[in-house]
Amino acid sequence: MITTASCVRLSLHLDTVENDFQVVAFSGSEGISRPFSFDIDVVSTRAGLALETLLNQPAFLAFDAHGAGVHGLIGRARQGIRGKRLADFIDPDLWLSEQLVRAATWGWESSALLEFFLVESIKALGFVLPPEWDPLPNESPATHLRRVQVEAMFWPGGGTL
């Protein structure tokens, strides 16, 4: 059975520098007599990370949980916008569409499976679900999903999702 734990996002690993990097995007290029070059955008909760400690460090950009990816050295590093989280880069409608397609591909069509999958996927992004979205006593998965769906449609923004 496929679980959300087996759905690994892109990740950047550095053995020599403690980090909590989450990959937002990457692009790569190659040329004749030139090695591959990748630009990788990451977010981190470590505001005080000294960028110079990253230079010339071995790194591994993992594409999946099975070891597919590329090894290399960090050639340059720069700081972008402070205070951004991975979730700030995600379009909610696109994200939900992708999750529903993935669930349909796996045959996860029941309300209980969709609820489990979406909640675990949201938590994996670092969101904390508001307590009012917890299932109510004796609430069926289908009723719970409909109630949260209606609440989300009228969510005013700000604070937690």
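All of the numbers you see were taken from the coordinates with simple rules; none came from a lab. Treat the numbers as computed from the prediction; the structure is a model and nothing was measured. Please note: Cβ atoms are built from the backbone with ideal geometry, for glycine as well, and neighbour counts cover all protein chains shown.
Set the Förster radius R0 to 45 Å, insert the Cβ-Cβ distance between VAL150 and SER11 as r into 1/(1 + (r/R0)^6), and round the FRET efficiency to 0.05.
On the way: r = 35 Å, r/R0 = 0.77.
Efficiency, from the Cβ-Cβ distance: 0.80.
Calculate, for LEU100 and SER33, the FRET efficiency according to 1/(1 + (r/R0)^6) with r their C-beta to C-beta distance and R0 41 Å; round to the nearest 0.05.
Numbers: r = 45 Å, r/R0 = 1.10.
Approximately 0.35, to the nearest 0.05.
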Plugging the Cβ-Cβ distance of THR53 and LYS123 into 1/(1 + (r/R0)^6) at R0 = 30 Å yields, to the nearest 0.05, a FRET efficiency of 0.50
Based on alpha-carbon centroids, what's the gap between region 97-124 and region 15-38 in Å, whole number please?
30 Å
Over 10 Å intervals from 0, what percent of Cα-Cα pairs in region 111-157 sits in each interval?
25, 60, 15
